[in-house]
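The values are calculated or read from the model by the stated rules, or taken from the named source; none is laboratory data. What you see is a predicted model; the values in this text were computed from it and never measured. Here the Cβ positions follow ideal geometry from the backbone for every residue, glycine too, while neighbour counts run over all protein chains shown.
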Amino acid sequence: MKHLAVDRRGYPVIATVSRGPQEVDFGSISERRKLALAAFDWCAVCGLLFGDELRWQVVLEEGPLPSVVISGEAPVHEVCALYAAQVCPYLFSPRSRLGDEARKGMVRDAVVRFAGFESTHAVFAHESGLQPGVHTLHFEHRGQADEFSYREAGEIRERFAEALAREQELPVSDCENVLVRLFNRLDDGGEGDVVTGAALAAGAAFAKDIFKLQGLKAFQGKSYPTVAGVLLKGTEQEIREFSAASQDEAFSAVGPWVLERAGNFPVALQRWRSRGQGMVSRGRPRLPDGPGRSVAKNASCPCGSGRKARRCHPAGIPAG
């Protein structure tokens, strides 16, 4: 948890909560941030990657769980689930009640049950049953492998200590470290918008109804599907050139991340990228005009001839 930003009171700000430059709303979950978590396969509490660990989720069912469990909450590490159970007011006390507008007054179940799953099989936008017209991100989990339950948080302190002792820091590449750092800061003027944009560029833009998600209208109508096409079908050189030319730190990092994870994308992101294969033609990045650079298909040739680049210098002007 040391990498997490803290609010003015010194409390760690977990990955899914809404935040702005001036304040953090611990009672509000950001769909924008959930989208980034799903795309990069990060934990909803600590905002770090899962690796081979189980994905833990609060479950409401009693008895044996079905083979497929769907939840509107993003999954977490086991140690993060145990941490949340001790610090979240709603999970901590059997007498607690929710205070948000949609579920105000809802009392916590007498027994809280967490289940650990082998994989997040799919992530999709779904219209909320509590708020018609509002779409939220839902996570489909499969392969239950473990679980724990409790009435009072004190019952799980020993398990928390054991999980904490087993924790090992996973190696993180330089480009993913940039994305994690940007995602967890508080001073970006929004709810992790820079990394949400990077998630859309990595392939989340191809997910069905994704721009219907609460809070994503600000991204609709922009060039994210086009940029995602570059990161989906561009060559390695085109992707690297696109990232190098970007003025946005998150976009500069997401290109190398896509190349680094090729063939090993998180399941949800791979599904979105597969859907995108039939939605875009081969991508080609728009780069600044100049010697040795390719230019947009219908742009004027940088040689100054006045002709279109594809007619005059289709291969670009050699450097020098």
Please go through region 239-295 and give me each residue that is touching a His at 6+ places or on another chain (Cβ under 9 Å), modelled with pLDDT of 90 or more and more than 26 Å from Pro171 (Cβ to Cβ), ordered by number. none
Can you pull out the residues in region 128-158 that are in contact with a helix residue (DSSP H, G or I) (Cβ under 8 Å, 6 or more places away or on another chain) and either β-branched (Val, Ile, Thr) or farther than 19 Å from Phe50 by Cβ (or both)? His135, Thr136, Tyr150, Ala153, Ile156, Arg157
Do we have Val134 as in contact with a Ser or Thr (Cβ under 8 Å, 6 or more places away or on another chain) and either over 17 Å from Ala44 (Cβ atoms) or among the β-branched types (Val, Ile, Thr) (or both) here? yes
Hits in region 240-256 (condition: in a helix (DSSP H, G or I) and either among the charged types (D, E, K, R) or surrounded by fewer than 22 Cβ atoms within 10 Å (Cβ to Cβ) (or both)): Arg240, Glu241, Ala244, Ala245, Glu249, Phe251, Ser252, Pro256
Out of curiosity, is Ala201 more than 30 Å from Gln86 (Cα to Cα) and at pLDDT 90 or above? yes
Just one of (1) farther than 28 Å from Asp52 by Cβ; (2) crowded, with 18+ Cβ neighbours inside 10 Å; (3) at pLDDT 90 or above trips up Ile317, so point out which. (3)
Report, by residue number, each residue of region 154-177 that is closer than 14 Å to Gln86 by Cβ, of a type in the set (A, V, I, L, M, F, W, C) and either surrounded by 13 or more Cβ atoms within 10 Å (Cβ to Cβ) or in contact (Cβ under 8 Å) with a residue 60 or more places away in the chain (or both). Ile156, Phe160, Ala163, Leu164
All but one of (1) over 15 Å from Val267 (Cβ atoms); (2) β-branched (Val, Ile, Thr); (3) in contact with a strand residue (DSSP E or B) (Cβ under 6 Å, 6 or more places away or on another chain) hold for Ile70; state the number of the condition that does not hold. (1)
When you look at Leu98, is it farther than 26 Å from Ala207 by Cβ, at pLDDT below 90 and in contact with a Gly (Cβ under 8 Å, 6 or more places away or on another chain), yes or no? yes
